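The values are calculated or read from the model by the stated rules, or taken from the named source; none is laboratory data. Fair warning: this is a prediction, and the values are worked out from it, not measured in the lab. Note that we place each Cβ from the backbone using ideal geometry, even for glycine, and neighbour counts take in every protein chain shown. When the accessible area is computed, the model is the full protein with side chains, heavy atoms only, and any ligands, DNA or RNA have been set aside. Shrake-Rupley method; radii C 1.70, N 1.55, O 1.52, S 1.80 Å.
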Amino acid sequence: MFDVMCAFGSGYKAPLCKQMRGPYIAKCVEETRKFVDGFHKIWRETSCTIMADGWSDRKRRTLINFLVYCPKGTIFLKSVDATDSSKTREYLFRLFIDVVNHVGRENVVHFVTDNASNMVAAGRMLQDEFPSIYWSPCAAHCVNLILSDFGKEDLVKSTIAHASIITKYVYNHCYPLYLMRKFTKGHEILRPAQTRFATNFIALQSIYKYKIELQAMVVSNEWTKCAYYKETQAKKFTKYVLDQKFWKDCAIVCHLSEPLVRVLRIVDSDERPAMGYLFGAFHSARKEIVKRFQRKKDFVKPFIEYMDARWDKHFDKNLHAAGFWFNPNNQYNAEIRDKYNVTTSGVLDVIEKYAGKDIALRSALTKEMKIFRNGEGDFGRATAKNDRHVMLADEW
């Protein structure tokens, strides 16, 4: 910026404050409005998803952000300061209705909130008010809640606490941090995630990955001869790193949580829409965990129950079943399709909800289901077949 300003030379006159906050900002607002208006056409063509995100800022104000997603991208719609209001389901319901009407109820097919009880209740009320709109809780938040459930078990709780002592000591002291990075060749043993529960399990995976390097560090001459080594905290740190029971427990917890963290990466990624992948990813993760602990069924039972409870309460939506069914990666794989043939019923539920009383539309949609499933017409062309597993599901 300064290079460009200097290129004008000493005669350049900077804009006045009155210009900056007057015509210049008005021009920027108008440009932004035109950009946002370009999304309205897409909303009418493809419909859209509204997302409500509640959070608190540094001034402890309770804010609710509303965003709108469509194939063209996501835009910020507005933010509501709900600090002075009681966040009852009735209040949130009225707020949701205002947002839906602003976007256009005929343009909205999906409404997403977090899993707070008042949000869930308001979302269900909205679904009752507008039969053509689906409500669902945030998938990433749901997976995080499962990980938090895992954290209630004693083995997981103690292992995370043990790992926390190791990471806190390393990152709170300069020389141990330098030494750790030297032995891990510049890699970190603590990788923050967007939520606390995910951070715990991702940190465990990272620590376990560098088990050998950490143990080599605490028995090296560089560590045993440094000034820190004789301190009480340092001795405790060394003892914890060399504790073989901890590493054994760490391996178990990583083995247990890794498939679920993989699901979290899918639903929390901006690279592709997750709707077509969540159903399959979650069931694959559950199956993988059961397979990994098939000789320890009693141990893994409570963790599977946590997953099933969250699935039944939050994830078991017809919309997720439809997303799975319309994903060509699943539809044209006979083994996967037959294994999860229950998803066909979910698609029919979605069609009936979308079409409402329009019998002709319902018939047209079910007819196209058959064309899609059998790979007829353009779905059966060589180009379409080649791209089934290459392109993203919605683009294909």
Could you run through the stretch 265-282 and say how many residues are in a helix (DSSP H, G or I), open to solvent by less than 60 Å² (accessible area, probe 1.4 Å) and not hydrophobic (A, V, I, L, M, F, W, C)?
1
Is at least one residue of the stretch 99-106 small (Gly, Ala, Ser), closer than 26 Å to Glu395 by Cα and not in a strand (DSSP E or B)?
yes
Search the stretch 307-358 for residues being out of contact with any Pro (no Cβ under 9 Å at 6 or more places or on another chain) and of a type in the set (Gly, Ala, Ser), and hand back the single one that is surrounded by the most Cβ atoms within 10 Å (Cβ to Cβ).
Ala322
Would you confirm whether any residue within the stretch 295-306 is open to solvent by 60 Å² or more (accessible area, probe 1.4 Å), in a loop (DSSP other than H, G, I, E, B) and in contact (Cβ under 8 Å) with a residue 24 or more places away in the chain?
no
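Just the residues that are of a type in the set (Ser, Thr, Tyr) and touching a Ser or Thr at 6+ places or on another chain (Cβ under 8 Å), please, taken from the stretch 326-356.
Matches in the stretch 326-356: Tyr354 only.
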What's the number of the only condition in (1) more than 22 Å from Asn318 (Cα to Cα); (2) open to solvent by 50 Å² or more (accessible area, probe 1.4 Å); (3) under 24 Å from the mean Cα position of the chain (by Cα); (4) small (Gly, Ala, Ser) that Ser117 fails to meet?
(1)
For the stretch 129-136, state whether one or more residues are of a type in the set (A, V, I, L, M, F, W, C) and open to solvent by 30 Å² or more (accessible area, probe 1.4 Å).
no
Taking the stretch 169-186 and keeping only residues that are closer than 12 Å to Met217 by Cα and crowded, with 17+ Cβ neighbours inside 10 Å, one is left with Val170, Pro176, Leu179, Met180, Phe183, Thr184
Assuming Ala285 fulfils every condition listed in (1) surrounded by 15 or more Cβ atoms within 10 Å (Cβ to Cβ); (2) among the small types (Gly, Ala, Ser); (3) over 17 Å from the mean Cα position of the chain (by Cα); (4) more than 25 Å from Gly73 (Cβ to Cβ) apart from one, which condition is it?
(3)
Enumerate the pairs (first residue in the stretch 344-358 and on the phi > 0 side of the Ramachandran plot; second residue anywhere and open to solvent by 30 Å² or more (accessible area, probe 1.4 Å)) with beta-carbon separation below 8 Å, excluding pairs fewer than 6 apart on the same chain, so at least 6 apart or on different chains.
Gly356/Pro131; Gly356/Ser132
Taking the residues in the stretch 43-59 that are of a type in the set (A, V, I, L, M, F, W, C) and in contact (Cβ under 8 Å) with a residue 60 or more places away in the chain as candidates, determine which candidate is most open to solvent (accessible area, probe 1.4 Å).
Met51
Would you mention how many residues in the stretch 219-230 are over 42 Å from the mean Cα position of the chain (by Cα) and open to solvent by less than 100 Å² (accessible area, probe 1.4 Å)?
3
Go over the candidates Ile146, Ile189, Ile207, Ile166 one by one and state the one that is part of a loop (DSSP other than H, G, I, E, B), open to solvent by less than 50 Å² (accessible area, probe 1.4 Å) and not small (Gly, Ala, Ser).
Ile189
Any chance you could count how many residues in the stretch 6-22 are in a helix (DSSP H, G or I) and open to solvent by 80 Å² or more (accessible area, probe 1.4 Å)?
6
Any residue in the stretch 159-167 that is at pLDDT below 95 and more than 13 Å from Phe246 (Cα to Cα)?
yes
Working carefully through the options Thr366, Thr383, find the one that is in a helix (DSSP H, G or I), of a type in the set (Val, Ile, Thr) and either open to solvent by 70 Å² or more (accessible area, probe 1.4 Å) or touching a residue at least 60 places away in the same chain (Cβ under 8 Å) (or both).
Thr383
